[in-house]
Amino acid sequence: MTDDTEEVRRDIQILRETIDRNLDLGWEDYRGGHEFKLIADGKVQVSQSEEENESDYVVELDKTGAIDCDCFVATRPLGGDSCRHMRAVDSHPRL
């Protein structure tokens, strides 16, 4: 049985974000583990491989690239840096 509380999900998101930041990934790295779906003008749904067992997230775009995400890491009051979902969208060659 897993502990699937909101607090545990947040801790896992923070851990995955920390790992991702330290790896400095590019498009070739994100391509294998992520699926990108344009769901509206300026909005991309980012799904991760089933191995990651994470929810889908919505990344908002403007002309300069990813500007927001609905994941916990991007919505934290501190920081202001992009999350791994935003970096994955920014690395996509056609988004």
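The values are calculated or read from the model by the stated rules, or taken from the named source; none is laboratory data. Every value quoted in this text rests on a predicted model; they were computed, and no experiment measured them. As a convention, Cβ positions derive from the backbone with ideal geometry for all residues, glycine included, and neighbour counts pool all protein chains shown. We work out accessible area using only protein heavy atoms, side chains counted, and drop any ligands, DNA or RNA first. Shrake-Rupley method; radii C 1.70, N 1.55, O 1.52, S 1.80 Å.
Once phi is turned into θ = phi - 60°, what whole-Hz ³J(HN,Hα) does the Karplus curve with 6.51, -1.76 and 1.60 give for every residue of region 55-68, x standing for Gly and Pro?
Result, rounded to whole Hz: 6, 7, 10, 10, 10, 9, 10, 10, 5, 8, x, 5, 10, 7.
I'd like to check one number: the per residue accessible area of region 26-91, probe 1.4 Å, reported in Å² as a whole number.
I get 61 Å² per residue for region 26-91.
With +1 on each Lys and Arg Cβ and -1 on each Asp and Glu Cβ, how big is the dipole of region 11-85 about its Cα centre, in debye rounded to the nearest 20? Walk me through the intermediate numbers first.
On the way: 8 positive and 18 negative charges, 44 e Å.
Roughly 200 debye, rounded to the nearest 20.
If you take the square roots of the eigenvalues of the alpha-carbon gyration tensor of region 1-42 and sort them as a ≥ b ≥ c, do you get rounded (a/c under 1.5), prolate (a/b over b/c) or oblate?
On the way: a/c = 2.36, a/b = 1.39, b/c = 1.70.
Since a/c reaches 1.5 but b/c is at least a/b, the shape of region 1-42 is classed as oblate.
How long is the gain from Asp62 to Arg76 if the chain were fully straight, where each residue apart is worth 0.36 nm and the alpha carbon distance is subtracted?
So the chain would gain 3.0 nm between Asp62 and Arg76.
Using only Cα atoms, tell me the angle between helix 6-23 and the longest principal axis of the chain; keep it within 0 to 90° and round to the nearest 10.
Computed tilt is about 50 degrees.
For region 26-91, calculate the relative contact order in percent as a whole number, restricting contacts to Cα pairs under 8 Å that are 6 or more residues apart.
With pairs under 8 Å counted, the relative contact order is 27 percent.
How much accessible area does Asp62 have with a 1.4 Å probe, in Å² rounded to the nearest 10?
80
So I have [x] 52; [y] 42; [z] 23, and one of them is percent of Cα pairs over 22 Å apart calculated from this model. Which one is it?
[z]
When the accessible area of the chain is split by element with a 1.4 Å probe, what percent falls to carbon and sulfur?
46
Could you give the longest part of the chain that holds none of the trypsin sites (Lys or Arg not before Pro) found in DSSP loops with at most 12 neighbouring Cβ atoms within 10 Å?
On the way: sites that count: Lys63, Arg94.
Longest site-free region, per DSSP loop and neighbour criteria: 1-62.
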